[in-house]
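The values are calculated or read from the model by the stated rules, or taken from the named source; none is laboratory data. This structure is a prediction, so every number in the text was calculated from the model and none was measured. Every residue, glycine as well, gets a Cβ built from its backbone with ideal geometry; the counts of neighbours run over all protein chains shown. Note: accessible area is taken over every heavy atom of the protein model, side chains too, but ligands, DNA and RNA are not part of it. Shrake-Rupley method; radii C 1.70, N 1.55, O 1.52, S 1.80 Å.
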Amino acid sequence: MINLYIDFDGVIMNTIEVGYGMIKESGREVNSDTCDEFFTSLDWKDFLNKKCSQINDPINSIQKLIDSNLFNISILSHVNSLDEAIEKIKYIRKYFKDITFIPVPKKISKTKMVHTKGAILIDDYAGNLREWESAEGIGVRFSEKLNGKGFYAINKLDQVIDYVKENLKVLNKLQS
Ligand SMILES: [Mg+2]
């Protein structure tokens, strides 16, 4: 089985887009300071359940990934606060009784939390994918417009099955 890590923000849910919109509505510009402040002080329960929505049917897509028996699946998500971690876990657990969720402190690279070699990361942020590939992992970019920015691009999570089937020999070699 291939270790598969799935990002949350901008892949499973449109939290980034909604968050940026709320920052702009409050009359501030979107920069690293206002984002830090906004996402750290947010009421994540209300934000996830009432303000944000899922992107391209992620729950059914993840179920297809589970049913394919090709992957060990974990959600690997940067978090700004403990509240954010708790509410994301609760959200995912509404749909999946048995899935691994790994919260990563925002200031730590995702590559420092898990084994990366031969593992796939699906992420919308090319910076995370570049770090991942530098650590011998395989990056797949989630992009609604299928803009890969140098990576294989998908806009629905179960499309990674096609990628793996095309590249299974290479992946097996990487993992052995
Ligand atoms: Mg993301």
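Look at the dipole of the chain built from charges on Cβ: of GLY27, SER134, TYR91, the Cα furthest out on the positive end belongs to SER134. Think of segment 44-176 as a dipole: +1 on every Lys or Arg Cβ, -1 on every Asp or Glu Cβ, centred on the Cα centre; then among TYR125, SER77, GLY150, SER77 lies furthest on the positive end. The simple spin-label model puts a point 7 Å past each Cα toward its Cβ; for ILE59 and LYS97 those points are separated by 1.6 nm.
Could you put LYS50, LYS107, LYS24, LYS88 in order of accessible surface area, largest first, with the 1.4 Å probe and the full protein assembly present?
Largest accessible area first, the list is LYS107, LYS50, LYS24, LYS88.
Restriction of the GluC sites (Glu not before Pro) in segment 12-97 to DSSP coil positions whose beta-carbon has at most 15 other beta-carbons within 10 angstrom yields GLU29. For ILE75, nonlocal amide neighbours, meaning residues 5 or more places apart or on other chains whose placed amide H falls under 5 Å from its own, are ILE6, THR100, PHE101, ILE102.
Normalise the Debye intensity by I(0) for the chain, one equal point scatterer per Cα, no solvent, then take log10 at q = 0.09, 0.12, 0.16, 0.18 Å⁻¹ and round to two decimals. Taking Cα atoms of the chain as identical point scatterers yields -0.30, -0.54, -0.97, -1.23.
Charged neighbours of ILE23, selected by a Cβ distance under 14 Å, balance to -3 (K, R count +1; D, E count -1). Dipole magnitude for the chain: computed about the Cα centre from +1 point charges on Lys and Arg Cβ and -1 point charges on Asp and Glu Cβ, it is near 460 debye. Computed from backbone phi with θ = phi - 60° and the Karplus coefficients 6.51, -1.76 and 1.60, the 3J(HN,Hα) list for segment 146-161 is 6, 8, x, 6, x, 10, 4, 10, 9, 10, 8, 4, 6, 5, 5, 4 Hz; x is used for glycine and proline.
What the phi angles of segment 68-73 give under the Karplus curve with 6.51, -1.76 and 1.60, with θ = phi - 60°, is a coupling list of 6, 6, 8, 10, 9, 9 Hz, glycine and proline written as x. Taking the Cα centre of segment 51-155 as reference, the dipole from Cβ charges on Lys and Arg (+1) and Asp and Glu (-1) amounts to some 180 debye. A Cα-only calculation for segment 127-176 places Rg and Dmax at 11.3, 34 Å.
Computed from phi, the 3J(HN,Hα) profile of segment 33-40 under the Karplus parametrisation 6.51, -1.76, 1.60 (θ = phi - 60°) reads 5, 5, 5, 3, 4, 5, 6, 6 Hz, with x in place of Gly and Pro.
One chain, two ends: LYS24 and GLU37. Fully extended at 0.36 nm per residue, the span grows by 3.4 nm beyond their Cα-Cα distance.
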